[in-house]
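See below for the structure under consideration.
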Amino acid sequence: VATIPYPVDLPEPTGSTSCDPSITVLDAAPFNEGVARVLGGIARVVERYPSLQICLELGERDADGTWQRVDELGLLDRVSSVRNATEVAALASDSTLTILASESWSSRSIVDLAMARGRVVVRGDQAFLTEDDRRHQCVVLEPSMESWSQSLLGLLDDPGRCRTVGTAARDWIGSRNAADHVGRTWQQLLDEVSENVIYPFDSNRTSDHNEM
């Protein structure tokens with residue numbers, strides 16, 4: 001299967017736009033066990049980083065469970081929310097860490113944008129992740145609050161590691177969006193679509209109906 005990459009222009013590399021760390025959580029609603037683990041892990045991170053700011057993407061409905069858990073964890077005073085992170089991509093893609101809470105999404109344009117800016121994308125382990133996903137994103141292998149908090153703290157506590165992962169992600173997005181790579185991918189897609197297709201007429205043969 002050939003996948004055409006989302007077109008991303010690489011901005012000039014910059015450091016963090018804020019002295020305080022920030023996390024954007026994509027697909028934070030509807031509330032489910034995966035979202036609960038992510039929020040629980042973040043709550044433990046706040047104990048070490050009390051100035052941490054959190055942005056939740058909550059969609060258009062079914063966000064009550066997420067807000068209830070945020071309240072239970074004492075995070076309300078540091079949480080902002082957006083309906084669709086793609087609509088505020090310049091802001092949402094510039095957090096220190098971008099978490100993909102969904103257990104069904106393989107990729108999203110906002111994820112590519114964050115990686116293009118040299119930000120670190122963190123997600124839970126899923127069977128559909130590719131080798132490139134695993135190499136250029138931080139994958140939380142165990143589905144638990146403890147694993148999420150350890151992974152997040154491991155990144156925030158080590159700015160050098162964050163820069164290394166982010167730079168590698170940015171380089172990968174750049175190479176994937178290079179004109180020659182996109183051209184080869186389109187050619188592969190066309191070859192797969194046209195494989196074993198026989199046209200009634202072409203430049204090299206006559207119609208089968210005209211053959212005797």
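Values in this text are rule-based calculations from the coordinates and carry no lab data. What you see is a predicted model, and the numbers here were worked out from it, not measured in a lab. Positions of Cβ are generated from backbone atoms using ideal geometry, with glycine treated the same way; all protein chains shown enter the neighbour counts.
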Open item on the list: Please give me the summed charge of the neighbours of Glu33: other residues whose Cβ is under 12 Å from its Cβ, Lys and Arg +1, Asp and Glu -1.
Closed with: +1
Open item on the list: Show me, for the stretch 136-150, the HN-Hα J-couplings you get by feeding each phi into the Karplus relation (A = 6.51, B = -1.76, C = 1.60, θ = phi - 60°), rounded to Hz, glycine and proline as x.
Closed with: 10, 10, 8, 9, 7, 6, 9, x, 8, 4, 4, 5, 5, 5, 5
Open item on the list: If you wrap a convex hull around the alpha carbons of the stretch 33-108, what volume per residue comes out, as a whole number of Å³?
Closed with: 100 Å³
Open item on the list: From the phi angles alone, apply the Karplus equation (6.51, -1.76, 1.60; θ = phi - 60°) to the stretch 80-89 and give each ³J(HN,Hα) in whole Hz, x where the residue is Gly or Pro.
Closed with: 10, 9, 9, 6, 9, 4, 5, 6, 10, 4
Open item on the list: At q = 0.17 Å⁻¹, what log₁₀ I(q)/I(0) does the stretch 92-161 have when each alpha carbon counts as one equal point scatterer in the Debye sum?
Closed with: -0.59
